[in-house]
Amino acid sequence: MSDRLSLRVVRREPLAGRIVALTLASADGNALPPFEAGAHIDVLTPSGHTRQYSLCNAPDTATQVYRIAVQEEAESRGGSRAMCRDVREGDLLEVGAPRNLFPLAPGTRRAILLAGGIGITPLLAMAHALHQAGIDFVLHHACRSRPAGAFVEELLAASFAERVRLHFDDEGPALDLAGVLADPCDGDHLYVCGPSGFIQWALDTARQLHWPDGQVHREFFAPAEPAVVAADGAFEVELAVSGKVLQVPADRSIASVLLAHGVPLAMSCEQGVCGTCVTTLLAGEADHRDSYLTDADRERGDTILPCCSRARSARLVLDL
């Protein structure tokens, strides 16, 4: 984790269901690096796993505190469980400086923010930023139920509350996505975050309603459901810089083989979500299994996420 910060948990708030909000401040009293809406931080969790959490406070408070929200996943590999159960006020956490892979697009004249469940976190920061900038927007927050919805009361009390639309599965009416996304105009931008199924629904609907790809932005919080693969085969990876050829067995990832041979590779989520390990692909056909690359990225065929993706060809040549 580069640009490490030692931050103290100054507030811990149970929000809803299995969600906990943590407010972090500099342990030495210094100002924190600023961030823009949509940014996240890498957090070294007490379990030893590094996980990404979006910053949800208003960016103008960034140098004072960072605020994140963590949902304990039912099938947690240890990261979210440790954050929700083990972290207490006063604890120190090792955190990476903010990175933004989901920024507000320059020239946004009207924004539609679509949040599914815990996907509200980056969009909450966006709502604060858009409101402060005087840019037209509407925030739709879809949750299973009112008690399970993170930040519901906070949204209802926000200075931009009139722009918030809450949708609860057990109350209705259902989110009319086609109506929300109808008639896109130049300068309209759609931002969507949440479970993979929710995001795919939004992307499919936007495509059907002729939203230009450049006006649709998404961030996954968890990997999309993997495609069914009959059997993973072995293949080769050639390192263009050294010419070395490495064997990738069927039961190992490209990343694990690279690291085992001393090849430097930055990684974080290890699930194909964050984009930290994205690597230039010089030759060969990738079997993309990430949730980070766009369809256009995959069609170009010049990048791969070695933490989770594999090969359709016998050999991949990486710019390493």
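The values are calculated or read from the model by the stated rules, or taken from the named source; none is laboratory data. Here the structure is a predicted model, which is why all the values come from computation and not from measurement. For neighbour counting, all protein chains shown are included, and Cβ atoms are generated from backbone atoms with ideal geometry for every residue, glycine included.
Given the criteria of a type outside the set (Phe, Trp, Tyr), within 19 Å of Ala206 (Cβ to Cβ), crowded, with 16+ Cβ neighbours inside 10 Å and not assigned by TED's automatic domain parsing to the domain that holds Ala174, does Leu104 qualify? When the stated conditions are applied, Leu104 passes them. Among all residues of the range 62-81, there is at least one that is outside any strand (DSSP E or B) and modelled with pLDDT of 90 or more. Of the residues Ala31, Ala58, Ala25, the single one that is under 20 Å from the mean Cα position of the chain (by Cα) and either on the phi < 0 side of the Ramachandran plot or not charged (D, E, K, R) (or both) is Ala58.
Being part of a strand (DSSP E or B) and not hydrophobic (A, V, I, L, M, F, W, C) is the filter; apply it to the range 188-215 and report the residue that is farthest from Ala105 (Cα to Cα).
Going through the qualifying residues, I end up with Gly194.
Summed over the range 238-264, residues that are part of a loop (DSSP other than H, G, I, E, B) and surrounded by 17 or more Cβ atoms within 10 Å (Cβ to Cβ) total 2. Within the range 124-138, the set of residues being in contact (Cβ under 8 Å) with a residue 12 or more places away in the chain and either surrounded by fewer than 16 Cβ atoms within 10 Å (Cβ to Cβ) or out of contact with any Asp or Glu (no Cβ under 9 Å at 6 or more places or on another chain) (or both) comprises Met126, Ala127, His131, Gln132, Ile135, Asp136, Phe137, Val138.
Of the residues Gln208, Gln215, only one is in the same structural domain as Ala178 (by TED's automatic domain parsing) and either free of Cβ contacts under 8 Å to residues at least 60 places away in the same chain or over 30 Å from Asp183 (Cβ atoms) (or both); which? Step through it out loud before you land on a result.
Working: Gln215 fails: either free of Cβ contacts under 8 Å to residues at least 60 places away in the same chain or over 30 Å from Asp183 (Cβ atoms) (or both).
That would be Gln208, the only listed residue that is in the same structural domain as Ala178 (by TED's automatic domain parsing) and either free of Cβ contacts under 8 Å to residues at least 60 places away in the same chain or over 30 Å from Asp183 (Cβ atoms) (or both).
On the given criteria, is Ala31 touching a residue at least 40 places away in the same chain (Cβ under 8 Å), part of a loop (DSSP other than H, G, I, E, B), over 23 Å from Ala150 (Cα atoms) and not assigned by TED's automatic domain parsing to the domain that holds Val152? Answer is no for this residue.
Whenever a residue of the range 165-177 is in a strand (DSSP E or B), its partners that are basic (Lys, Arg), lying with C-beta atoms within less than 9 angstrom and at least six residues away or across chains, give the pairs Leu166/Arg146; Phe168/Arg144; Phe168/Arg146. Residues in the range 288-303 that are in contact (Cβ under 8 Å) with a residue 40 or more places away in the chain and either β-branched (Val, Ile, Thr) or in contact with a Ser or Thr (Cβ under 7 Å, 6 or more places away or on another chain) (or both): Arg289, Asp290, Ser291, Thr294.
Give the range 128-159 a look and list any residue that's touching a Lys or Arg at 6+ places or on another chain (Cβ under 7 Å) and in a helix (DSSP H, G or I), or say none. Val152, the sole residue that qualifies. Glu89 - would you say it is of a type outside the set (S, T, N, Q), over 16 Å from the mean Cα position of the chain (by Cα), in a loop (DSSP other than H, G, I, E, B) and surrounded by fewer than 16 Cβ atoms within 10 Å (Cβ to Cβ)? Yes; evaluated as a whole, the condition is true for this residue. One residue is enough: does the range 191-205 have a residue meeting the conditions among the aromatic types (Phe, Trp, Tyr) and either modelled with pLDDT of 95 or more or touching a strand residue (DSSP E or B) at 6+ places or on another chain (Cβ under 6 Å) (or both)? Within the range 191-205, one or more residues are among the aromatic types (Phe, Trp, Tyr) and either modelled with pLDDT of 95 or more or touching a strand residue (DSSP E or B) at 6+ places or on another chain (Cβ under 6 Å) (or both).
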